[in-house]
Amino acid sequence: MAQLLKNVWRNVLSGNSLSKTTFKSTKFSTSLSEVMRTKSPDTIMASIKTSQTAENILAMVQQHLPMMTHKHLLQALRSLFELQKAGKFDHTDNLIKDPAFGILCQNFNKHARALEVNEAVEAVKVLSYLKVPVDSLIVQTMLQLIRANINLINIRQIMFLDFVLDQFDSKNHLVDVLKLALPLAFQIHLPLELDNNDLPLLKDMLMYCCNRDLPDRCINNIVTGLLLHDQIIDAQSAKSIVWSLCQINCTEQFFPTRVQLLHICYDILVQRIDQLTYNDVLKTAAKVKGRVLEKHPEYYHEQLLDATAEYVIRNNIEFEKALLVARILSRVAHTHLGLMEYLCNLVTIGPVDLSNARTNILFSFVNCLSNNNYTPEQEQWDKMREQISKNPILNATNAALPWPKFCLELASLGHYEDKLLKRVFSDDFLQDYLSREKNTLDLLQLLTLNEAVNAFYSDEYKLPPQILEKAKAAYPVHALTEHLKESLVRGLGGEEYIAKNVVLPSGVVADLFLCMKNGNPVKLPNTTQEEKIPIEKLNLPLGSLPICILNFNQGCYSMNSNRLRGTFRLVLDVLDKQGYATVSINVTEWLKTPAHERTPYLMREIGYKCGEMGMKLSAT
């Protein structure tokens, strides 16, 4: 009442008359402003949501800006994001350069204090997708807001925000600070938000931990939760888990639960691999390959790699995509002859023609055939050889290409190309090719190729004497040969029947050498003081059968069979052709057998070889 009297007196003094409006306008104007605030903004929000063009959204923002709250402005940004995602406009550059977009951002920035932290996270997502620069005022304001409230965001928001920050093109100090802080916040929230019943969340948390190299305790807690799901894990989740575990240490001795989860997921993928896309299958195999090549055998899974090859065949994957899978299997020495047959059929039956294949396709295909030690049946192989010979890449003179390796792999398949051999054995090529440091492998490949060409094709091509001697000198001796010798001594009855590291005329070093005559071992001169022994020093008797035992590492064999890879089998073929009975031993597998089985195994292998050469072994 007192306030009303004051208003009346103020009007009198100012000369204003007391009208009906003086008494009724307060209530009326209040209700009108409430209507404007409650109804109009809802209409604006609906219009923003239903707009089909960026121009309409920006025009609406300019028209109704005084009435808009931060929620309307956020919806405007969100709608622009949805339109861009749906391909409704081509270039975000044009959008962010539009003055109307600048007005939207400026006013959204003014409302920053009203934002909740989850709204700030969403704003950062939208702005990053629209390619708004990270150092712009609006992005910096949102990041500062998140930084100040980082303890209020949950694990899902932490993971999502970390992903969004990776999308910014340029470096920024505030982004770097947040990327350091988010993993720490994740570790704090993990014990509070870990839900063992939420498989998708567990899967995503494992991926985040592995990508960010978080402490083992975090990873192990999540792994324990995932193990509770066991066989109910779906194929997509199993794939994601395998990808994550391929980034961390899964050594069984230290992390048995990780290995357990890895193999559960492998088994699930074997059973449900058809639920994955080709790209997912390829990427999974590639990640497994990477870990195996880093000397982590616990990642090798024979059934999964078999299933990968069968996926390619069953789904009629085109040649180049199928070859990518074959190359991965070849790198880890996994043999799948069905996949090789499938690739060969695509070449000989169609639609693939090796005569116009690109360099990497041709070289990869030959490499896969050689590593799998697979030669197609003769008619099919003749057609493929004809296509290979017609490929113009064989006329190239690019010394950077691994021509000796390519020739050696072709030789392991029984194919020799004169134009390639002429080039590879030329002085100019060899001088350039061997100019690199650490060329021991190159020398050994040239040595094997030299012997194969001379044994099976032509004596027209030879390495220059100085290079041949250098290659022979580079031939290695095996560190584990002594173990073989001890077992063989027991089988033959004495050390005098065995020589170690015998250098053959070809330059190949026989890890163990013995000589049989009439089924019995021949005594050899004592040469134990020498690291390498030229065969001439052994004075072998006439009519005897020299036997070379070659000690091959696991890498020379297929991982899933005792099948030598093509270029190593070629060494045996060459020695056989030169008159030596050769026995190859996978020393890694041999050492895994019980001690009492090792000597009988060696004697059986020697006995089989003697039988092939028409001699019965008398020694036991």
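The values are calculated or read from the model by the stated rules, or taken from the named source; none is laboratory data. Bear in mind that the values here come from a model prediction, so they are computed numbers and not experimental data. Backbone-built Cβ (ideal geometry, glycine too); neighbour counts: all protein chains shown. Just the protein is used for accessible areas: all its heavy atoms, side chains included, with ligands, DNA and RNA removed. Shrake-Rupley method; radii C 1.70, N 1.55, O 1.52, S 1.80 Å.
Could you check how many residues of region 45-82 are outside any helix (DSSP H, G or I), exposed (fewer than 14 other Cβ atoms within 10 Å of the Cβ) and β-branched (Val, Ile, Thr)? Talk me through it step by step, then tell me what you get.
Of all residues in region 45-82, those outside any helix (DSSP H, G or I) come to 51-53, 68-69.
Then keep just the ones that are exposed (fewer than 14 other Cβ atoms within 10 Å of the Cβ); that gives 52-53.
Restricting the remaining residues to those that are β-branched (Val, Ile, Thr) gives 53.
Here the count works out to 1.
Every residue in region 578-592 that is open to solvent by 20 Å² or more (accessible area, probe 1.4 Å) and either under 30 Å from ASN450 (Cβ atoms) or in contact (Cβ under 8 Å) with a residue 24 or more places away in the chain (or both), please. If you could, list the steps in order and put the result at the bottom.
Start the filter on region 578-592 by keeping residues that are open to solvent by 20 Å² or more (accessible area, probe 1.4 Å), which leaves 578-580, 584, 588-589, 591-592.
Listed by number, the residues that qualify are GLN578, GLY579, TYR580, SER584, THR588, GLU589, LEU591.
Using the structure shown, decide if GLU605 is outside any strand (DSSP E or B), at pLDDT below 95 and over 30 Å from ASN450 (Cα atoms). Walk me through how you get there before you give the answer.
Numbers: outside any strand (DSSP E or B): yes; at pLDDT below 95: yes; over 30 Å from ASN450 (Cα atoms): no.
Here the answer is no, as GLU605 does not meet what is asked.
Can you name the condition, by its number, that SER170 falls short on among (1) in a helix (DSSP H, G or I); (2) over 15 Å from LEU226 (Cα atoms)?
Single failed check for SER170: (1).
From the list LYS470, LYS438, LYS500, which residue is basic (Lys, Arg) and in contact with a Ser or Thr (Cβ under 8 Å, 6 or more places away or on another chain)? Quick ask: steps written out before the conclusion?
Values: LYS470 fails: in contact with a Ser or Thr (Cβ under 8 Å, 6 or more places away or on another chain); LYS438 fails: in contact with a Ser or Thr (Cβ under 8 Å, 6 or more places away or on another chain).
Just one listed residue meets the conditions, LYS500.
Is region 444-456 home to any residue that is part of a helix (DSSP H, G or I), out of contact with any Gly (no Cβ under 9 Å at 6 or more places or on another chain), open to solvent by less than 20 Å² (accessible area, probe 1.4 Å) and at pLDDT below 95?
Scanning region 444-456, I find no residue that is part of a helix (DSSP H, G or I), out of contact with any Gly (no Cβ under 9 Å at 6 or more places or on another chain), open to solvent by less than 20 Å² (accessible area, probe 1.4 Å) and at pLDDT below 95, so the answer is no.
Out of THR440, THR397, I need the residue that is surrounded by fewer than 19 Cβ atoms within 10 Å (Cβ to Cβ), touching a helix residue (DSSP H, G or I) at 6+ places or on another chain (Cβ under 6 Å), among the β-branched types (Val, Ile, Thr) and at negative phi. Which one?
Numbers: THR397 fails: touching a helix residue (DSSP H, G or I) at 6+ places or on another chain (Cβ under 6 Å).
Testing whether each residue is surrounded by fewer than 19 Cβ atoms within 10 Å (Cβ to Cβ), touching a helix residue (DSSP H, G or I) at 6+ places or on another chain (Cβ under 6 Å), among the β-branched types (Val, Ile, Thr) and at negative phi leaves just THR440.
Let me confirm something: among ARG272, ARG291, ARG258, which residue is in contact with an Asp or Glu (Cβ under 9 Å, 6 or more places away or on another chain), modelled with pLDDT of 95 or more and closer than 24 Å to LEU184 by Cβ?
Values: ARG272 fails: closer than 24 Å to LEU184 by Cβ; ARG291 fails: closer than 24 Å to LEU184 by Cβ.
Answer to the check: ARG258.
Mind telling me which of the residues ALA185, ALA181 ends up being open to solvent by less than 20 Å² (accessible area, probe 1.4 Å), more than 25 Å from the chain's Cα centre (by Cα) and over 23 Å from CYS246 (Cα atoms)?
Values: ALA181 fails: open to solvent by less than 20 Å² (accessible area, probe 1.4 Å).
Unique residue meeting the criteria: ALA185.
Take region 145-159 and flag every residue that is open to solvent by 80 Å² or more (accessible area, probe 1.4 Å) and over 20 Å from PHE108 (Cα atoms).
Our first condition is that a residue be open to solvent by 80 Å² or more (accessible area, probe 1.4 Å); within region 145-159, this holds for 147-148, 151-152, 156.
Those that are open to solvent by 80 Å² or more (accessible area, probe 1.4 Å) and over 20 Å from PHE108 (Cα atoms): ASN151, LEU152, ARG156.
Condition first: surrounded by fewer than 13 Cβ atoms within 10 Å (Cβ to Cβ) and under 30 Å from LYS523 (Cβ atoms). Can you find one or more residues in region 406-425 that meet it?
No, the conditions are met nowhere in region 406-425.
Would you confirm whether any residue within region 593-601 is over 15 Å from HIS483 (Cβ atoms), within 33 Å of the chain's Cα centre (by Cα) and touching a residue at least 60 places away in the same chain (Cβ under 8 Å)? So that I can check it myself, show each step before the final result.
So the first thing to find is which residues in region 593-601 are over 15 Å from HIS483 (Cβ atoms), and the list is 600.
Pick out the ones that are also within 33 Å of the chain's Cα centre (by Cα) and you get none.
No; the residues of region 593-601 include none that is over 15 Å from HIS483 (Cβ atoms), within 33 Å of the chain's Cα centre (by Cα) and touching a residue at least 60 places away in the same chain (Cβ under 8 Å).
Which one of the conditions (1) open to solvent by 50 Å² or more (accessible area, probe 1.4 Å); (2) under 30 Å from HIS301 (Cα atoms); (3) modelled with pLDDT under 90; (4) not hydroxyl-bearing (Ser, Thr, Tyr) does GLY543 fail to meet, given that it meets all the rest?
(2)
I'm checking my understanding of the structure. Among residues of region 83-127 that are touching a residue at least 12 places away in the same chain (Cβ under 8 Å) and not in a helix (DSSP H, G or I), which one is most open to solvent (accessible area, probe 1.4 Å)?
The residue in question is LYS88.
Suppose we filter region 400-455 for residues that are free of Cβ contacts under 8 Å to residues at least 12 places away in the same chain and within 29 Å of the chain's Cα centre (by Cα); how many remain? Working first, answer last.
First, the residues of region 400-455 that are free of Cβ contacts under 8 Å to residues at least 12 places away in the same chain: 400, 418, 426, 428, 431, 435-439, 441, 454.
From what is left, the residues that are within 29 Å of the chain's Cα centre (by Cα) are 400, 436-439, 441.
Total meeting the criteria: 6.
For (1) in contact (Cβ under 8 Å) with a residue 40 or more places away in the chain; (2) over 19 Å from LYS295 (Cβ atoms); (3) outside any helix (DSSP H, G or I), each residue gets a yes or a no:
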residue	(1), (2), (3)
GLY225	no, yes, no
SER237	no, yes, no
TRP243	yes, yes, no
GLN247	no, no, yes
CYS250	yes, no, yes
GLN253	no, no, yes
ARG258	no, no, no
LEU261	no, yes, no
ILE264	no, yes, no
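Out of region 498-510, which residues are touching a residue at least 60 places away in the same chain (Cβ under 8 Å) and not in a loop (DSSP other than H, G, I, E, B)?
Start the filter on region 498-510 by keeping residues that are touching a residue at least 60 places away in the same chain (Cβ under 8 Å), which leaves 504-508, 510.
Once the filter is applied, which keeps residues that are touching a residue at least 60 places away in the same chain (Cβ under 8 Å) and not in a loop (DSSP other than H, G, I, E, B), region 498-510 yields only ALA510.
How many of the residues making up region 547-560 are open to solvent by 20 Å² or more (accessible area, probe 1.4 Å), modelled with pLDDT of 90 or more and out of contact with any helix residue (DSSP H, G or I) (no Cβ under 7 Å at 6 or more places or on another chain)?
1
To keep it simple, each residue is scored yes or no on (1) at positive phi; (2) basic (Lys, Arg).
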| residue | (1), (2) |
| --- | --- |
| LEU413 | no, no |
| SER435 | no, no |
| ARG490 | no, yes |
| GLY493 | yes, no |
